[in-house]
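Undergrad: Shown below is the structure under consideration.
Each value in this text was obtained by applying a stated rule to the coordinates, not by laboratory testing. This is a predicted model, so every value here is computed, not measured. Note that we place each Cβ from the backbone using ideal geometry, even for glycine, and neighbour counts take in every protein chain shown.
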Amino acid sequence: MVPSLPPLRLALLGAGTVGSAVAHRLHERRQRYADALGRPLELAGVAVRDTGRDRPGIDPALLTSDAAALAARADVVVEVMGGLEPAGELIGSALRRGAQVVTANKQLIARRGPELEALAAQAGGGLHYEAAVMAAVPVLAVVREALAGDEVLGIRGVVNGSTNYVLDLVAREGVPFADAVRQAGELGYLEADPTEDLEGLDAAAKIVILARAAWGLPVALEDVAVTGISGLTDADFAGAAGRDEVLKLVATATRDDQRGVRVEVAPRSLPLQDPLAQVRGGTNILEVDAVSAGPLRLVGAGAGGEETASAVLGDVLRAARRC
Ligand code: NAP
Ligand code: HSE
């Protein structure tokens with residue numbers, strides 16, 4: 001008889017918009033995941049700030065406020081709490097002991113990704129962050145893996161769901177800017193600190209991660225020329241509409257002989273026929289131009305708990321196979 005493998009223990013750090021969707025799907029799909037992995041994937045615990053709050057669908061016995069103790073006894077650590085700390089220290093500790101880590105934390109990866117990847121490589125662990133860029137749309141897999149044998153020339157996209165939702169609502173339905181921002185928050189699209197979205201910092205982090213994936217160069221957050229959407233006026237929206245154009249927050253990365261890579265995030269007024277002008281609501285789009293492949297376009301849900309959970313869970317299975 002083939003001896004059965006012991007369950008893999010998964011620590012879920014965070015049970016907010018993304019984490020609660022991950023917890024639900026882990027439970028619902030547990031048999032399918034066990035079949036795929038050849039062993040059960042057991043949710044060892046869920047770290048949150050407030051353990052007293054009712055969390056539908058999550059066994060209260062799994063809740064803990066001691067994220068470090070939970071992460072220390074897991075094979076796979078899933079960080080969806082956000083923020084630089086304690087997320088950074090928790091991920092660093094897990095990687096130092098050779099664990100597999102999955103995160104959706106684009107600010108942390110944009111700032112410390114190379115250092116954390118080096119830790120993972122030293123200790124034989126793994127760091128997976130497909131969910132950090134464009135949520136459900138598997139752009140890192142395409143840029144880093146599928147195009148590894150090609151030569152990427154440039155990347156251009158709408159990579160922030162909440163600001164796209166806001167711009168769309170203001171332009172098409174005349175909803176006041178502040179109301180549109182509130183609605184984006186209700187849909188779970190905004191960061192804990194919404195200025196990250198509105199000032200373009202979330203998009204900046206994503207284009208940095210994409211540029212590194214495309215060219216393997218040391219691109220930093222400080223390299224990005226960033227302008228957000230909070231300075232847009234009614235006149236800007238009216239002007240764009242009058243020209244049959246639409247305002248979008250566009251992130252670009254291009255090779256540059258002097259600087260290596262030029263990275264930029266700014267609102268742009270785009271003609272309606274531009275594919276970037278056509279994405280609605282929380283949808284994201286990325287255009288990747290490569291020498292042999294030519295132009296590629298990836299479109300899909302760029303924010304939201306369930307949508308982001310799709311990417312997190314893909315990484316969880318990839319990570320679990322390496323345990
Ligand atoms: P969220 O709704 O604010 O949830 C954060 C969760 O982390 C909450 O459960 C919170 O606990 C917990 N938490 C925060 N600090 C903690 C600490 N120090 N110790 C223990 N638990 C802590 O955030 P989210 O929208 O799910 O986003 C999570 C991450 O995913 C962020 O890095 C974000 O950038 C990324 N992301 C989000 C989306 C999206 O559409 N929302 C998409 C892609 C990536 P309490 O519940 O007790 O407050
Ligand atoms: N706040 C982010 C956005 C979530 O609006 O795109 C997805 O990364």
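Undergrad: Tell me whether region 70-81 contains one or more residues that are surrounded by fewer than 15 Cβ atoms within 10 Å (Cβ to Cβ) and out of contact with any helix residue (DSSP H, G or I) (no Cβ under 6 Å at 6 or more places or on another chain).
TA: Yes, that holds for at least one residue.
Undergrad: Quick one: how many residues across region 1-23 are farther than 24 Å from residue 72 by Cβ and surrounded by fewer than 17 Cβ atoms within 10 Å (Cβ to Cβ)?
TA: Qualifying residue count for the region: 4.
Undergrad: Here is a list of conditions, (1) farther than 19 Å from residue 188 by Cβ; (2) surrounded by 22 or more Cβ atoms within 10 Å (Cβ to Cβ), and residue 115 meets all of them except one; can you say which number that is?
TA: The failed condition is (2).
Undergrad: Name the single residue, out of those in region 283-297 being out of contact with any Asp or Glu (no Cβ under 8 Å at 6 or more places or on another chain) and in contact (Cβ under 8 Å) with a residue 40 or more places away in the chain, that is surrounded by the most Cβ atoms within 10 Å (Cβ to Cβ).
TA: Step by step, filter region 283-297, then rank; the result is 284.
Rundown of residues vs (1) under 16 Å from residue 289 (Cα atoms); (2) within 16 Å of ligand 2 (Cβ to nearest atom), yes/no style:
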residue	(1), (2)
153	yes, no
162	no, yes
173	no, no
176	no, no
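Undergrad: Okay, next question. Considering only region 211-233, state which residues are in contact with a helix residue (DSSP H, G or I) (Cβ under 6 Å, 6 or more places away or on another chain) and either within 13 Å of ligand 2 (Cβ to nearest atom) or over 24 Å from residue 289 (Cα atoms) (or both).
TA: 228, 229, 230
Undergrad: Select from region 184-210 the residues that are near ligand 1 (Cβ under 9 Å from one of its atoms) and crowded, with 24+ Cβ neighbours inside 10 Å and list them in ascending order.
TA: 189, 190, 202, 205 - these are the residues of region 184-210 that are near ligand 1 (Cβ under 9 Å from one of its atoms) and crowded, with 24+ Cβ neighbours inside 10 Å.
Undergrad: Okay, moving on. So, residue 214, is that one over 23 Å from residue 16 (Cβ atoms) and in a helix (DSSP H, G or I) or not?
TA: Spelling it out, residue 214 is indeed over 23 Å from residue 16 (Cβ atoms) and in a helix (DSSP H, G or I).
Undergrad: Still on this model: Inside region 111-153, can you point out the residues that are in a strand (DSSP E or B) and under 22 Å from residue 201 (Cβ atoms)?
TA: Residue satisfying the conditions is 127 alone.
Undergrad: Among the residues of region 165-176, is any among the aromatic types (Phe, Trp, Tyr), part of a helix (DSSP H, G or I) and closer than 25 Å to residue 311 by Cβ?
TA: yes
Undergrad: If residue 257 meets every condition in (1) on the phi > 0 side of the Ramachandran plot; (2) over 20 Å from the mean Cα position of the chain (by Cα) apart from one, which number is that one?
TA: So the condition that residue 257 fails would be (1).
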